[in-house]
Every structure is written in structure tokens, then in C-alpha cells.
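Have a look at the structure below before the remarks.
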Amino acid sequence: MIDLLRQPSQSAPPSRQAIGAPVLQVSNLKVAFDRNGRVETAVEALNFDLCAGSTLAIVGESGSGKSVSCRAAMGLLPANAIVSGSIRIMGEEFLTLRERERQLRRGRDIAMVFQNAERALNPVIPIGSQVAESVGAHSRMTRAAARRRAEELLQLLGLQTRRSLYSAYPHELSGGMRQRVMIAIAIAQQPKILIADEPTSSLDAVTQIQTIDLLLDLQKQFDMALLLVSHDLKLVAQCTDSVLVMRRGQMIEHGPSADVLERPRTDYARSLVTAANDLCAYLQDSKASEANEAPLLVAKGVSHDFVTRVTAGSKRGLVRALSNVSFELKRAETLAIVGETGSGKSTLARALLQLPAPMSGSIVFRGHILSDLKGRRLKEQWRHMQMVFQDPFSSLNPKWKVFDAIEEPMIGHRCVESSLRRARAEELLHLVGLPVSLGDRLPTELSGGQCQRVAIARALATRPSLVICDEAMSSLDAITQHHTAELIQKLRTQTGTAWLFISHDLRMVARISDRTAVMHLGQICEIGPTRAVYLEPRHPYSSALLESIAVTREPGLKRSPRTSGPEPHGPAAAPAACRFSPHCDRAEERCRTEAPPLKCIGDGHFVACYFPLNGSEVS
Amino acid sequence: MTASSRPKARGRFRWPQGFGVSSAALTLLAIVIACFLWPEVHSMHMPVGGNVRDANLPLLSSDHLLGTDMDGNDVLSRLLYGGRQSLLVAFGVNLLGLLIGGTLGAVAAYFRGFVDTAIMRTIDIIIAFPPLILAIAISQAFTPSTGTLVLALLCYSIPAFARVSRASTLRLCALPFMTAARLSATSHNGILRKHIAPNVLPQLASYALLGVGVVVVLEGAMSFLGLGTPPPNPSWGGMIFHGQSAMLTRPHLLIVPSVMLSVTVLCFNLIGEALRERLDAK
């Protein structure tokens, strides 16, 4: 089994011909939910076959019925669901089975990888035990045998590195590693069908690719049928045999991937393809910046450490989340900060707001040194710097109406008279493209995209000069992202606000930012005009990161060597010098002893590397 | 699982959905009306000061539906006035506990640091004593009265509410809308009152409903031990205590208040449990 892992998967060409009999047949599936007497249809007239060894992707925006269909196939819908039609697993009708008999088939015949590994794993049980539990679920296996098998599985998924992760708890792992654990649990009994429901949507670009490649590898090894659910058409369609596009519960397109990708028949599928398309088209020339103007925000040498708790097998230590980060931001400018999960982007956002203040370094905002301000003086500055958060639902108080939420900063900062507040709130709703009638609703009655718009309206309520968006779009689906990005582009010109975008989605930020900074393990390794950074990345890491979103990607293509390695490199393990040097094929002795400073290589483009790539090297 | 394909539960009677809760609510309403309204509109015997000549009348005797106890007091009247006492104490203790404990817990979780340590360690010290022992100590230290009883039982309820409130406030404080509120320059007081309170209250309310049952039992236990409502005033616990001495000869003196106590506690638990489930489902 371990040998199988070590075999490079690209040695043999992907055998797409080896497609067997259908293992999952869904015909005329209809799912409706009974909500207090009101019947809402979630999926209608869904038909598809999934053959052994083949891969099918179901794509569509959130709420299109993708997950509901998968859960129906697993028999995991809530009690108020009304299911009709037929789901045959290995030729056997699944819908009429008793719960007990279904339980036998789950794991053995059909298994599922859930979207949110953080919630799907039990936080108080070591991951090894959770894998062992599913190994021994239906088979009479001794505890020791189950443990051995679980260790094998963890090893197969690259989770058995220098120290055993068998006894690690879910919170000690990164998002990508947790997703691997979920996969290990799902394939524990070598099911014939594996359903992966948005397995990568909460991961960054590099980890996404790794996870998808891993799933495809495993599929080949175990000859599973893979059903991949995603809202990112581009990401999945290229590595699957066929694609099924869903919208509002209905199948609107179904066919071989190449056909759907290249010749989408419906407008909707076309918009899904273009939503993820060619990023170069969006890249814009950065505005000519007035050189003499004082910058709005100057961060100099910002560093921040976290004390780690004692975890399994490791001692208490310091994690350097930010290390000597410096940058400037001008008025009405948009700067994107990109990087993998755990690169310190969010810590930087909070450090700028002094929540908490960084341990060293200075942040000068509108001429005030923020670390010197306390209490009311700091609050005065917050009026000019607001924030939009990642999770649209939890960034609004569930008990507050939309109007109250938008008016809160106006009341707190006393910047709008009480008689004018409602008018200003209505104006803001209008600005973010929401009808005024929404103002009396509660957040639970809004969709994710609408909530995010309300959060943007709230951030703009005090007419701030800087808005920080911390992964503000990553939890929205592709179409909603598209609309929100358009909105922000529009607001940039209307409000004269500077925006700081923190994101792992390189494609999205390319469209809206003037300049881009690439962060890796708490350091800025490259910063410059977006166009220059995207088209001619000079730092080896930036180029690896950009490769991961390259538009054309063949299935089974060699993984980018720079980001390979089963265990994502956490900041804790980073060396004292250039933190990218262990993965860098250009690294020399100097890189390992001395951290390279940011050096200007022309027109506002800075790179922290002793041996930057030449423009010509990057094709 | 699907509604159409779910196998029907065979050979087992199932209550219609929501039956338990609505019948519990109705029963409770009946008990409250009987204890608080009925004695006011309908002339009854007084619960105290009975004549020894009427002592130990049996069930269903004329003028005394449930008979009289050994002091000649009407049992029905004592039952209703006693229920009034028990319910008032239970409501009072839970309401005060919710307000004081809930505030302490939210303040501790919101400010963290020294405030948190000071409040929670004090509460830990109170929790360290078995509640009944502490309550006994307090009611012994002061003259027995309803006020002392409530004070004694608060030692049990305030820490419990504070813990629940602290836990859910901690969870709230990690959410982005709390950061947004700080960036909006909303004052600490405003955040506590407008952001935290509406989110924590439903949980505390469902906990209070479950707590009413517990306090009714505790009050009964205290009165049973002679530390609660001072005799001759009636309370359910006190009636059970006095009833047990005549358990073999006149069992209804013990059984009637015990049944009332159990039914009331059951009703509160059913409603509290249903409320908790609804909150959890969200």
C-alpha cells in the first residue's frame, strides 16, 4: 500500500477507458422539504449514472441542490425531506432500504467526504482513533488490527511524517491535513463510490490542487467511482470525465467534461466557465500614483508571535506569525495580500486594527502611530478603518435587523445625526445594490451574498478611508463572488476608499487590486503592481503560487515541485533565514543563513530574494 | 432518512407531535390557576389555625374534600397555599439567579482577565460546597423566613446561571460581529446589553425552566428538613415531611403533595426540554 503511494501517478497515462458497469444510478430523483406544511422542492428530475472507476463532477452555485442530491444518495437527509424517484447503489435500490440496512452500506459501498472537515471531525478524539473507528465499523476486527490499518491509511494520505499523527487532535492540524483525515475515514473500507462534497472550498489554491490530486490518485488506486461536488467549474471539470451542471434544483447540462467546458450549451454554464476564466483579461494597469502624497498607512517591521500550547509530541514554543512586515498604502488604492492559509494574512489584518496590537514594529495611519493610542483616541481612528469579515453570517448579530446593524457604527462614532441615520442607511443599502425593503429583515432571512453586502454597507457607514476585507469572498459561491467583486470595483471609484484585500483566491483579487503583496509564512516575499506580480513573478514562491491557478491544467500533471511534500510546512518549523529556502530549487547557502530584504527591481516592484527569477524565465 | 420510505414504527403507540409539551403547559396553567387564583375567588378554609376537633378527617368528608391533617387544617387549602409558596420561591430564585448570575457570567466572559478570574473563582468556591449543605448553613444562620430560603437557594442558582452565561458569551465573543461592534465604537455597556444579552437570554430562559423544577425539589427538601418555610405555614415539602409520620395510617397526607410536586416538576422539565431542543436545532 505504501509502495502504491510512492509510485508516481504520472508514470502511466490516466486510463480513462477502464470504465466499468454503473455503480450509482440516479433516476428521476426528486427531493423536497416540508417546512411547516410548506413544501419546497430542492431537487427535481435528476438523472445520472456513475460507472466504476469514473469521475463525475456536479457543479452549480450554492443552493442549487448539489449537496442535497449527494446526501440523498447517502441517505443522510433530515427527517422533513420527501424523496421520490430511484437511487440504485451497486444495482440495488437504496431508497426503500431500512435505516439499519443503509447503515451497513455506508462506508462499505458508498462513502462521503464532507465540506467542512473542522466540523465533521470530533474535536475531542484523536484523529487516529476516528480513522480506526471507521475501519472497524462493519468488520469484526481486533482493536490492534484496526489501529494498524488506520496507521496505514494515515501513511497513505501523507499524514505519517516525522512523528506519528495518530494521537493528534483535529485542532492541531491545518485545514488541508484535516481534509486528508476526512478522506482517510471515507476510504477506510475501500468503498466503491466516493462522494466528495466541496472537499476543497475552504482551502487555499495550493492545498486545493494537492487535495484534488490526492483524491484522483486514490480513485485510481482503489478503482473507486468518484462524485465530486464543487462550485468551481474550472477546478474540477478538468480532472473529471463528465460534468453535470445544476441550477435551482434542476440539471441543466450533463456531458463529457471537455464538451461542457469548451462548448457550453446553456448561458448559465457559459457564465460559470467565464466566471473562473482567464485572469489576465482582468488584470488592469495600476493607476499612476501621485508620488508626493503622504501614504495613508505605513507598516514598518511589524512582527507578531503566538505562544503555542503543548501539543501531542511537541513542546511549548513560539510561532512567528508575522516577521518584519513592511508596506505602504496610499489613499484610494487597493492592495491585495495573498498567500496560503497560515501565512499570517489574517494576523496582519488584526494587527493593523490593533486587535491585538503587534508585538513590535510601527503602524502609522493618517499620521498617527496606532500603538501609542489608547481607548477613545484609538476608537477615533477606527472610524476611519473598518473591516469586512470572512463568514457573512456570523459577521452580523443574528438578533439585529439589517438597519440596526448598518446604523451601529454611525451611533458609536456619533458621525451621523440621529434623524439622518435611517436615510443614510437606506442610501448605503442602495449603494451595495440591495433593496431598501431588506432593511427590516433579520440576517437569518438573507442569503450569504446579501449578508456580505450588508457587512460592506456597515463598513462604509462611517465613510472610512480604509476598509480591510479579510477573506471577504471566500465563503461565497462563484457567481456571488463575481457580483460582489463587481460591487467592490464600483465602490472603489465611487467612495474614494482604500481597500486592503486579504485572500487566498488569487483569481478574484487580480481583478480588483492595484497592487499585490505575496505573503509566505509571515513574510512578504514580493510586492508590486498586480500586473507585474501576476505576469512576471520574480520570487520563486509567487511563481509557484501562480502556477497553482494556471488556467490550463491537465489531470495527472506533475505537481508543482516547489509545493509538493505531504505535510504543509507550518510557520513553527520555518528556518531562521529565508523561509521559502527548504522548498526552493534556487536556494544557496546564503538563503539559509540570512533573510533576504525586500529589494526594488523596478517601478514599485519589490522582491525579497537573493536570486529572483528573470522575467524571461517565466513563460 | 426520508418521510416516504421510513419504516413505520410497528406495535408502538406514538403520541402526536408536540402533545407532551402542550399537555404539560396546560397542566401547569391549571396548577398555577388553582394555587394563585382559585383561593382568591372561592372562599376556602384557611391553611392554618384549624381546630383540633376537626383533626384527621378522612378523604371526601363533607366540607373537607381532601380531609384534614393532624392539626385540623384543611388539606386542600394547605395544598394550594403551599403550592403558591413553592412556586413563588422557585420562580423568585430562578429569576434572580438568571439576572444576577447571567450578568456576572457575561461580564466575566466579556472582559476576561482579572474580572473573569475574580468572578469565576468566587463562584467556584461557592460551587465547592454541596448546595444543600450551604443552603442549610445559611438558613440556620438567619431566622427562617421565605427571604432566607430564597437567599439560600440563590447560592445554588447564581453559580449555575453564571456558568451557562459565561460559556455562551465566550462563544459569542469569538464571532466577527463582536469585533465589528468594537470597531463601531459601541461602548462595553452597549455591547453587553444589545449584542450579548439578546443572544444569551433564550438559552438562560430554557435553563431557568429546567431550574424551576430543581428548585421546587430543593425547596421541598429544605422544608422537609424543617429549614424552609417556617411552620405552620404550608409548603409542599413541609406537607410531605409531616405526612410521612402518618404514612401508614393516612397515606394520602403524604401522597397528595408528593404527586403535586412531581407533576409540577415534570411539566417544567418537559417545557424546558422542548425549548432547549428548539434552541439547539437552530
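The values are calculated or read from the model by the stated rules, or taken from the named source; none is laboratory data. Not measured: the values here are computed from a predicted model. Methodologically, a virtual Cβ is constructed for each residue, glycine included, from the backbone with ideal geometry; neighbour enumeration extends over all protein chains shown. Accessible surface is based on the protein model in full, side chains and every heavy atom, while ligands, DNA and RNA are left aside. Shrake-Rupley method; radii C 1.70, N 1.55, O 1.52, S 1.80 Å.
Side notes on the structure shown:
- Partner shielding of B:167-177 amounts to 3, given as the average count of beta-carbon atoms from other chains within 10 Å of each residue beta-carbon.
- Relative contact order for the stretch B:192-282: 33 percent, from Cα pairs under 8 Å spaced at least 6 residues apart, divided by residue count.
- The C-alpha atoms of chain B define a longest principal axis, and helix B:75-111 lies at about 10 degrees to it.
- Computed from the Kirkwood radius of its Cα pairs, the Stokes-Einstein diffusion coefficient for the stretch B:67-281 at 37 °C and 0.692 mPa s stands at 175 µm²/s.
- Selection from B:GLY213, B:THR103, B:ASN233, by position along the positive dipole direction of the stretch B:67-281 (Cβ): B:THR103
- Full extension of the segment from A:ASP585 to A:LYS300, taken as 0.36 nm per residue of separation minus the current Cα-Cα distance, would add 99.6 nm.
- The H on the amide N of A:THR334, modeled in the peptide plane, is under 5 Å from the matching H of A:TRP499, A:ASP514, A:ARG515, each at least 5 residues off or on a different chain.
- Across the cross-link table entries A:LYS330/A:LYS599; A:LYS66/A:LYS220; A:LYS300/B:LYS194, which are compared at the Cα atoms, the separations over 28 Å belong to A:LYS300/B:LYS194.
- Within the accessible area of the stretch B:67-281 (1.4 Å probe), percent carbon and sulfur: 71
- Local net charge near A:ARG119, Cβ-Cβ under 13 Å (Lys/Arg +1, Asp/Glu -1): -3
- Summing +1 for each Lys or Arg and -1 for each Asp or Glu among the other residues whose beta-carbon sits under 11 angstrom from that of B:LEU209 gives 0.
- Between A and B, roughly 2500 Å² of accessible area is buried in total, ligands, DNA and RNA not counted and the probe set to 1.4 Å.
- B:GLU40-A:THR96 pseudo-label distance in nm [points 7 Å out on the Cα-to-Cβ vector]: 6.3
- By the compact-protein rule of thumb, 2.2 N^0.38 Å, the alpha-carbon radius of gyration of the protein assembly as shown corresponds to a ratio of 1.13.
- Counting Cβ atoms of other protein chains within 10 Å of each residue's Cβ and taking the mean over peptide A:74-83 gives 3.
- Exposure of B:MET247 as accessible area (Å², to 10), given a probe of 1.4 Å and all protein chains: 90
- Exposure ranking of B:VAL164, A:VAL467 by accessible area [1.4 Å probe, largest first]: B:VAL164, A:VAL467
- Average partner coverage of B:182-192, which counts Cβ from other chains inside 10 Å: 6
- Summing charges over all other residues whose Cβ lies under 12 Å from the Cβ of A:ARG350, with Lys and Arg as +1 and Asp and Glu as -1, gives +1.
- Computed lengthening from A:ARG248 to A:SER27, 0.36 nm per intervening residue step minus Cα-Cα distance: 77.8 nm
- Rel. contact order, % - alpha carbon contacts under 8 angstrom, at least six apart, the stretch B:67-281: 27
- Principal semi-axes of the equivalent ellipsoid, √(5λ) from the alpha carbon gyration tensor of the stretch A:331-438, are 28, 19, 13 Å from largest down.
- With respect to chain B, whose longest principal axis is taken over its alpha-carbon atoms, helix B:19-32 is tilted by about 60°.
- Over all projection directions, the Cα-based convex hull of the stretch B:86-184 averages an area of 7.4 nm².
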